[in-house]
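The values are calculated or read from the model by the stated rules, or taken from the named source; none is laboratory data. Note that the structure is a prediction, hence the values are computed from the model and not measured. Neighbour counts run over all protein chains shown; Cβ positions are idealised from the backbone, glycine included. Only protein heavy atoms, including side chains, enter the accessible area calculation; ligands, DNA and RNA are left aside. Shrake-Rupley method; radii C 1.70, N 1.55, O 1.52, S 1.80 Å.
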Number of protein chains: 4
Amino acid sequence: MKAVRVHAYGKRPTIDDVPEPTAAGPFDVLVEIGAAGLCRTDLHIVEGQWAEKSGVSLPYTIGHENAGWVREVGSAVSNVAVGDAVILHPLATCGLCRACRGGDDVHCDNATFPGIDSDGGMAELLLTNARAVVKLAPGQEPRAVAALADAGLTAYHAVRKAVPLLHPGATCVVIGAGGLGHIGVQCLLAMTAARIIVVDPSARARELARQFGAHEVTAPTDDLTDTAHVVLDFVGEQGAEAAGLAMTRRAGSYFVIGYGGTVTVPTIDLISTERNIIGNLVGSYLDLAELMTLAAQGSVTLHTREYPLGAVNEAMDDLETGRLAGRGILVP
Amino acid sequence: MKAVRVHAYGKRPTIDDVPEPTAAGPFDVLVEIGAAGLCRTDLHIVEGQWAEKSGVSLPYTIGHENAGWVREVGSAVSNVAVGDAVILHPLATCGLCRACRGGDDVHCDNATFPGIDSDGGMAELLLTNARAVVKLAPGQEPRAVAALADAGLTAYHAVRKAVPLLHPGATCVVIGAGGLGHIGVQCLLAMTAARIIVVDPSARARELARQFGAHEVTAPTDDLTDTAHVVLDFVGEQGAEAAGLAMTRRAGSYFVIGYGGTVTVPTIDLISTERNIIGNLVGSYLDLAELMTLAAQGSVTLHTREYPLGAVNEAMDDLETGRLAGRGILVP
Amino acid sequence: MKAVRVHAYGKRPTIDDVPEPTAAGPFDVLVEIGAAGLCRTDLHIVEGQWAEKSGVSLPYTIGHENAGWVREVGSAVSNVAVGDAVILHPLATCGLCRACRGGDDVHCDNATFPGIDSDGGMAELLLTNARAVVKLAPGQEPRAVAALADAGLTAYHAVRKAVPLLHPGATCVVIGAGGLGHIGVQCLLAMTAARIIVVDPSARARELARQFGAHEVTAPTDDLTDTAHVVLDFVGEQGAEAAGLAMTRRAGSYFVIGYGGTVTVPTIDLISTERNIIGNLVGSYLDLAELMTLAAQGSVTLHTREYPLGAVNEAMDDLETGRLAGRGILVP
Amino acid sequence: MKAVRVHAYGKRPTIDDVPEPTAAGPFDVLVEIGAAGLCRTDLHIVEGQWAEKSGVSLPYTIGHENAGWVREVGSAVSNVAVGDAVILHPLATCGLCRACRGGDDVHCDNATFPGIDSDGGMAELLLTNARAVVKLAPGQEPRAVAALADAGLTAYHAVRKAVPLLHPGATCVVIGAGGLGHIGVQCLLAMTAARIIVVDPSARARELARQFGAHEVTAPTDDLTDTAHVVLDFVGEQGAEAAGLAMTRRAGSYFVIGYGGTVTVPTIDLISTERNIIGNLVGSYLDLAELMTLAAQGSVTLHTREYPLGAVNEAMDDLETGRLAGRGILVP
């Protein structure tokens, strides 16, 4: 089969012919890829930024936002059948550690991360396990949802954690209305009656946020200091981390989702007004199932642009140079 | 009546004769002080560190950890009667703002703080309001509990917030087993089945923590990195803030209670393991009522040393020079 | 001033001239009534069904769904000012008991209930206290919201409690799409992404429910057995209570809001599938504030028909005979 | 191997020689039984009361409270190793359905229940799966904990759900201080600072409850009406269900754990004081892990009496005739 493989860091991946994997293990699920999202992390992998962290051996296949159809299942798989349309949770988890047993499977002690530390989904087929596959609703297409598998899931997860803090009329500031942020806005609208204020330096991103239903949009400003019950920071660097924390009101919570910067805060400032800083990782399996429900309802939609699998480098060029509006989707 | 009043910052307070206050307003409660706790904050007030923050006009009476008996009540007071033994919540709150209406009265928009920004309890009488007084259990003595009104309440509040995170066998690290920390250990034992590890550089404090029931005690160490579901940091400075955050495990929470230092953490470190930093202020009125229940049950006890009100400066000397083991209590 | 007063049970109220109340107490608030909702409970009061329960002395003024403008405030009132448009929480609570201190003021130990056990709002003026008044948003009119003060608040409260049980795609069955039920549907849509199924024997009510956004509507049926994560039963009698409980799935919750019938269930049936039965009373002060936010956003709307205060008996006739579609509103 | 098998309902089981099971499947775990608890349910099975419900084919091996040592594991088992001492969760669950994914595995769509609907643990060996085995702490003996696997787990689960409702000083009534109830009391003491009142008609049970730490004990009485924040009813029949509900105070919760009777309550009574009725099934896998922690800490202990496996009918006689104080444990 064809697969997008990295052979050396610093060099673009190539389209290789590789042997097809098979569902040899009892919980294996072999998926015929319908669409694989292209993510900025893929560029970072190619550049070698993840070399040490992932510890993966080259060459290997990238692609960690995957959806498709079940081609083959192991003997013990009971939750999907051959032919089912599915989206893949980014992690393949063990189901046995305390985190998995409590539904918090993102913190699985034994997970693998296809596309990062093992072969991913920019290929005709991907091998994962039964715990990673979420069945799509009738009519829901892999190519319409693939890009929600990681970026969208992260946004959904943070919003889901924030929901209990957001009573009707509470203020939620969303920093960054890019790929994750505009999913975040849609999730907030679907699950809360909070007032949503989007902060983004780009006029185009602000316009998009408004179209998606944000109640107010603004360029970065000091006017929001001490305002928000919750700040969802999808940027997490270049000053957003300080500004975001400052935007929380007494007893407010600053949710860190984007990263790159550093939070620096005197303990007295956390104490005297009882503020919280909440870390956020990708969502759980159930988070992904729920996000698919929002997508099936039409509550969450994505702008995408499709490329054939063989055009991966063209897609990467477009992403790198800013020519790609919306998420790039590779279709084998 | 006699009152301990500050006349000038940088100079010790004097014992003055001042007019007795009266319960003139409908919700006023006039309390005959049975005991007023002496706190390090009182030294800081005298030094002038709070001058700007409190904005109080000199001279005024200090003392913010108070208990006693109701002497007189306003026409609308229905929760206490003359003669009742009471402990005083440190804040006198409005009862009408959103925070008060939601039970989160520490974040009251209109609170006063007797002993900080208005006349306090190192005196024969203190005027407060009906919302600040918690009735003691039969047999519970003001002098036995006064020092719980602020320090103890802060420790209780943090523990109460941490309880849902502490399943049986979960690990809770307590940094600092001083005045607040050893109350924290007792509250944890009363409300959870967590494993409690106390970190303190002082061998005497560690010994005390063990007597109060800590399961393990240790001098500051790197061995606890990535260990705790919850860290309760009663120090919050001099390296505790970095060490405390490092002690949390994946999805763990670092509770900041002490202060003075600065938390510095790359956003990637909060994201990648989904850690939280939780600010903590003093507890609510109900927190104080519940802490009094723990004290009445004998689950929370305090080491105290009593001084007559007139010996306030001797008590301050003892506190300043480290001669005072346990909490100092002024008895009018 | 004019007031609608009951002089004898079994006889219709009369429009009397009575002395104007004044804001004599420190927390009193005198409200110029802009609109008073007419409720089936008012018919029951007139019939004498509440005589024993309320213990009120005749004659007295009815009306427990009130909104208007602040005419006069007591000396200690800080949350509203003369001229403010307000809606009135049905209870005037004490603010001092444990329930009030915890934000659960519906369970206040010392509440009065104007229009039930003391003079109500079908009059030109109503005397209540500062804890009962919620300021309206700019432009929000008393006559547009008065009927939300009791019926709407009850629906909102039940939905608010159900929200954490309703993940996206979860099933919520709403039994009864009358006055409360159609508010419930709107609240569900504003705060959840659940699938909403409305059960009502009336085709007209079902049609209305669909217009308000219910995803499915049906006449009473057995097809919903073991289906719902949450059932909100706004009927609570005539078989709804048995059918409603049967509609919950494993680990589901049956919310009782309407009343009149009896729940009868073998303990084995509660155990073996771990079902819950949740009682629901009117909402808290903050619930009312949040419901006003939903109304101001346009997320919750009401069908009303206005009558002048003097036409109260005509309005009662219309309500009794079913000629009154929507809620009746008396405007002084 | 030897196994206690039921050949015909209404007749006592016999000790048969049967082939040894093997860990053939990838997630299979074969356990050498160290102890199997004898439960009243075993008597009911033998009498035929479960014949229809379980649908099991005779003959089969009973025993659903099991602990022992791992003898053999399937190829994919990573959470236990040969030789580990383990206790067995009563259900063998699938790990793939929504309930399992959310940590609520008791509501698994595909569970089997060894000892009820498949071969159980009154035998030398039992075959279960990796998701059912909880590793014991060093030094923790199978025979000391086996009887906690079902009865104890049910009590723990109910208490765990009640903990957030039980602030220090809140009142918890425990109805029935038998096998489950006295575990419940110990769990309450370990995890709350609530006031615990035990209601039991037996003076001996009350005495035992006191020894285990109940703050008050009483024979059934009307004096507790409107008293409890939480009632844990371990009886659920013969009047306990009506009395238990009546003991809850406003906004209180009645937890049904025992069964046999019928709850009958007018909806008005649930509404007007906002009471709840909470069904309770056996606990989850994590509940069992946490209960083992309490047992290892010495917070939960059991009275047991051991019998050799071959003496099962003597043990059943003792249980039936009331000669067996504490739980009977069969040791192969």
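Below is a table of values for the structure above.
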quantity: The lone exception for A:ARG143 - which of (1) of a type outside the set (Asp, Glu); (2) open to solvent by less than 10 Å² (accessible area, probe 1.4 Å); (3) under 24 Å from A:GLY310 (Cα atoms) it fails; calculated: (2)
quantity: Test: residue in region C:188-198 that is without any contact (Cβ under 8 Å) to a residue 60 or more places away in the chain, more than 24 Å from A:ALA289 (Cβ to Cβ) and open to solvent by less than 40 Å² (accessible area, probe 1.4 Å); calculated: yes
quantity: Residues satisfying the stated conditions in region D:1-32, i.e. touching a residue at least 40 places away in the same chain (Cβ under 8 Å) and either open to solvent by less than 10 Å² (accessible area, probe 1.4 Å) or of a type in the set (Ser, Thr, Tyr) (or both); calculated: D:ALA3, D:VAL4, D:VAL6, D:TYR9, D:PRO13, D:THR22, D:VAL29, D:LEU30, D:VAL31
quantity: Selected residue (only one of B:ARG143, B:ARG71 is of a type in the set (Lys, Arg) and in a helix (DSSP H, G or I)); calculated: B:ARG143
quantity: Any chance C:ALA99 is within 20 Å of C:LYS161 (Cα to Cα), without any contact (Cβ under 8 Å) to a residue 12 or more places away in the chain and of a type in the set (A, V, I, L, M); calculated: yes
quantity: Count of region B:290-315 residues which are of a type outside the set (Ser, Thr, Tyr) and either within 12 Å of chain D (Cβ to nearest Cβ) or touching a His at 6+ places or on another chain (Cβ under 6 Å) (or both); calculated: 9
quantity: Check on D:THR248, over 20 Å from the mean Cα position of the chain (by Cα), of a type in the set (S, T, N, Q) and closer than 25 Å to C:ASP269 by Cα; calculated: yes
quantity: Filter result for the condition that a residue is surrounded by fewer than 20 Cβ atoms within 10 Å (Cβ to Cβ) and within 14 Å of chain D (Cβ to nearest Cβ), over C:ASP287, C:ASP222, C:ASP233, C:ASP226; calculated: C:ASP226
quantity: Tally, over region B:240-250, of residues that are in contact (Cβ under 8 Å) with a residue 24 or more places away in the chain, surrounded by 24 or more Cβ atoms within 10 Å (Cβ to Cβ) and not aliphatic (A, V, I, L, M); calculated: 2
quantity: Output for region A:86-98, where each listed residue is under 25 Å from D:HIS107 (Cα atoms) and either assigned to a loop (DSSP other than H, G, I, E, B) or open to solvent by less than 20 Å² (accessible area, probe 1.4 Å) (or both); calculated: A:VAL86, A:ILE87, A:LEU88, A:HIS89, A:LEU91, A:ALA92, A:THR93, A:CYS94, A:GLY95, A:LEU96, A:CYS97
quantity: Condition check for D:SER54: within 14 Å of another protein chain (Cβ to nearest Cβ), over 21 Å from D:LEU319 (Cα atoms), modelled with pLDDT under 95 and within 19 Å of the chain's Cα centre (by Cα); calculated: yes
quantity: Considering residues of region B:167-187 that are of a type in the set (A, V, I, L, M) and within 17 Å of B:GLY239 (Cβ to Cβ) only, the residue surrounded by the most Cβ atoms within 10 Å (Cβ to Cβ); calculated: B:VAL174
quantity: Odd one out for A:ALA242 among (1) touching a Lys or Arg at 6+ places or on another chain (Cβ under 7 Å); (2) within 13 Å of chain B (Cβ to nearest Cβ); calculated: (1)
quantity: Within region D:296-315, tally of residues that are open to solvent by 20 Å² or more (accessible area, probe 1.4 Å) and within 20 Å of the chain's Cα centre (by Cα); calculated: 10
quantity: Hits in region C:146-155 (condition: open to solvent by less than 10 Å² (accessible area, probe 1.4 Å) and assigned to a loop (DSSP other than H, G, I, E, B)); calculated: C:ALA149
quantity: Tally of residues being crowded, with 19+ Cβ neighbours inside 10 Å and not small (Gly, Ala, Ser) across region D:57-85; calculated: 12
quantity: Any chance B:ASP318 is within 14 Å of chain D (Cβ to nearest Cβ) and open to solvent by less than 30 Å² (accessible area, probe 1.4 Å); calculated: no
quantity: Criterion: under 28 Å from B:GLN297 (Cβ atoms), of a type in the set (D, E, K, R), in contact with a strand residue (DSSP E or B) (Cβ under 9 Å, 6 or more places away or on another chain) and within 14 Å of chain C (Cβ to nearest Cβ) - qualifying residue of B:ASP105, B:ASP84, B:ASP28; calculated: B:ASP84
quantity: Residue satisfying condition, being closer than 19 Å to A:ALA132 by Cβ and aliphatic (A, V, I, L, M), within set A:VAL18, A:VAL4, A:VAL70; calculated: A:VAL70
quantity: Residue match in region A:270-277 (condition: over 16 Å from A:ALA228 (Cβ atoms), free of Cβ contacts under 8 Å to residues at least 12 places away in the same chain and among the hydroxyl-bearing types (Ser, Thr, Tyr)); calculated: yes
quantity: Filter result (surrounded by fewer than 22 Cβ atoms within 10 Å (Cβ to Cβ) and either touching a helix residue (DSSP H, G or I) at 6+ places or on another chain (Cβ under 7 Å) or under 8 Å from A:ALA177 (Cβ atoms) (or both)) within region A:203-213; calculated: A:ALA205, A:ARG206, A:PHE212, A:GLY213
quantity: Residues (facing chain D (nearest Cβ under 9 Å) and assigned to a loop (DSSP other than H, G, I, E, B)) located in region B:156-169; calculated: B:HIS167, B:PRO168, B:GLY169
quantity: Criterion violated by D:LEU127 - all others in (1) more than 19 Å from the chain's Cα centre (by Cα); (2) assigned to a loop (DSSP other than H, G, I, E, B) satisfied; calculated: (2)
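Let's see how each residue does on (1) farther than 21 Å from B:THR154 by Cβ; (2) modelled with pLDDT under 95:
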position	(1), (2)
B:VAL185	no, no
B:LEU188	no, no
B:ALA193	yes, no
B:ILE196	no, no
B:ASP200	no, no
B:ALA214	no, no
B:ALA219	yes, no
B:ASP222	yes, yes
B:THR227	yes, no
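Per-residue answers, yes or no, for (1) more than 14 Å from chain A (Cβ to nearest Cβ); (2) buried (at least 22 other Cβ atoms within 10 Å of the Cβ); (3) within 24 Å of C:GLY326 (Cβ to Cβ); (4) not polar (S, T, N, Q):
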{"position": "C:PRO201", "(1), (2), (3), (4)": "yes, no, yes, yes"}
{"position": "C:HIS215", "(1), (2), (3), (4)": "no, no, yes, yes"}
{"position": "C:GLN238", "(1), (2), (3), (4)": "yes, no, yes, no"}
{"position": "C:GLY252", "(1), (2), (3), (4)": "yes, yes, no, yes"}
{"position": "C:GLY260", "(1), (2), (3), (4)": "yes, no, yes, yes"}
